Amino acid sequence: MLFFLKQRISLAHAKHEQKAALDVHQTKKRMFDSNFFVSLELAEIHTHLGFSVSPTMLWEIAHNQGLRLPTKNYFEFEKLVTMYESKGYEEYLMLFDLTEKIQSSPEALFLATETAVSSAYRKNNITTLELRFNPILRSRSGERDLDHLIVFAIQGMERAMLKYPVNAGLILMMDRRFTLRENEIIVEKAIKYKSRGIIGVDLAGPIHRTESSKVFRPKDILSCVREARKHELGVTVHTGETTSTDEMWEVVNNLRPDRIGHGIACVTDEKLMNILKSKRIVLETCPTSNLHTKALKNIDHMREMYKTLLQHDVPFTINTDGPEMQKISLRGEYQMLLEHNVLTKKELLTANKLAHKVSFLKKGSSI
Ligand SMILES: [Zn+2]
């Protein structure tokens, strides 16, 4: 009896040692992986300025301007500009309202772009960075001059580039809620400041919030996109995040963008994936953001989505959509995708290489 008991104990001990050795191996592997990503120069090509400035800095910027905030308590304010849990698409976009308000002056935009570009390099070794923002939504209903807003944003970015080896550029955003004239103005300003650091145009905005956004169709801005393309600006469009593949088809057939913001809805449509592949339209995927907006249900859903993109050879990149608001980092996204076996290291390296390559900072290079 004693013999059997001793044997069971030694067996349990051996198993314990085996598990401990495995744990050490896993920890070493994780350390190797995280060290590996630390030394990797990353490219972020889909991040919003409104979501790329820390709550502390937003608080400082607001107070520098004497702006009346919804709360005088910093910790309550932090909750208003960050997302701790999955909330859904419209609620996610509502967070923009306050950050846009805080960034609505030339001085605020200078500080915002300077901080966003600097911290992208310091925190994540991002050396290729595209930041997008909407100047009209930062004009306090037309009170602020758009040229002042844009020039100060460019200067903030340039100042950060003096301090850190980052190649950065700005994308001006059109909006689903805007009139055609307002969207035309965005493109006119992008063309005007093309030689100064504006590298492309985008389309975004809530889908159901206003009457105009409810009836908006992507082809409404065809003339704007044509004009931007004529002046060799990059074109990217938010679609296929929570919108249907019908809208993605309309975007691909009419607007023919270089890249698509999110675009993950395509995985349900083989024909659409084949078009993206053949036209080399690159998806700017944002994994954690898709969990926050509930565009993806969970990690399993995410794994399935990337697997389908890989099977159909749809080109994609990895981005954050806005690190500070979501309390994430681009490097952390790479690590998360690796640790959950969503993508392999080789696939992640390919995505990063592609992001550097298709950046509008290198307009003219094709994949
Ligand atoms: Zn976005």
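Things worth noting here:
- Paramagnetic label zone (point 7 Å from Cα along Cα-to-C-beta, residue 123; backbone N under 16 Å) in region 244-287: 287
- Computed from Cα positions, the angle between helix 299-311 and the longest principal axis of the chain comes to roughly 70 degrees.
- Sites residue 180 and residue 312, calculated FRET efficiency, Cβ-Cβ separation with R0 25 Å, nearest 0.05: 0.10
- Cα-centre dipole for region 42-360 with unit charges at Cβ (Lys and Arg positive, Asp and Glu negative), debye to 20: 540 debye
- Histogrammed with a bin width of 5 Å, the alpha carbon distances of region 107-238 distribute as 2, 11, 21, 21, 19, 14, 8, 3, 1 percent, first bin at zero.
- For 334, 306, 74, order by how many other beta-carbon atoms lie within 10 Å, fewest first: 74, 306, 334
- Volume per residue of the C-alpha convex hull in region 42-360, rounded to whole Å³: 120 Å³
- Computed magnitude of the charge dipole of region 231-317 (debye, nearest 20; Cβ of K, R +1, Cβ of D, E -1): 180 debye
- With 30 Å as the limit, the listed pairs 123/346; 79/346; 72/189; 189/362; 123/277; 87/277 have 79/346; 72/189; 123/277; 87/277 beyond it between alpha carbons.
- Here the chain is scanned for GluC sites (Glu not before Pro) in DSSP loops (not H, G, I, E, B) that have at most 16 other Cβ atoms within 10 Å, and the longest stretch holding none of them is 233-367.
- Cα-based helix-to-principal-axis angle, 89-102 vs the chain, degrees rounded to 10: 60 degrees
- Peptide packing: for 288-298, 215-225, the average count of neighbouring Cβ atoms within 10 Å per residue gives the ranking 288-298, 215-225, highest mean first.
- Rounded to the nearest 10 degrees, the inclination of helix 2-39 to the longest alpha-carbon principal axis of the chain is 30 degrees.
- Positive dipole terminus of region 195-339, leading residue within 231, 287, 272 (C-beta point charges): 231
- Positive end of the dipole of the chain (Cβ unit charges, origin at the Cα centre): among 148, 310, 166, the Cα lying farthest that way belongs to 310.
- Highest-MSF residue in the chain out of 275, 136, 260 [GNM, Cα springs under 10 Å]: 275
Where a number appears in this text, it was derived from the coordinates with a stated rule and is not lab data. This structure is a prediction, so every number in the text was calculated from the model and none was measured. Virtual Cβ from ideal backbone geometry, glycine too; neighbours counted across all protein chains shown.
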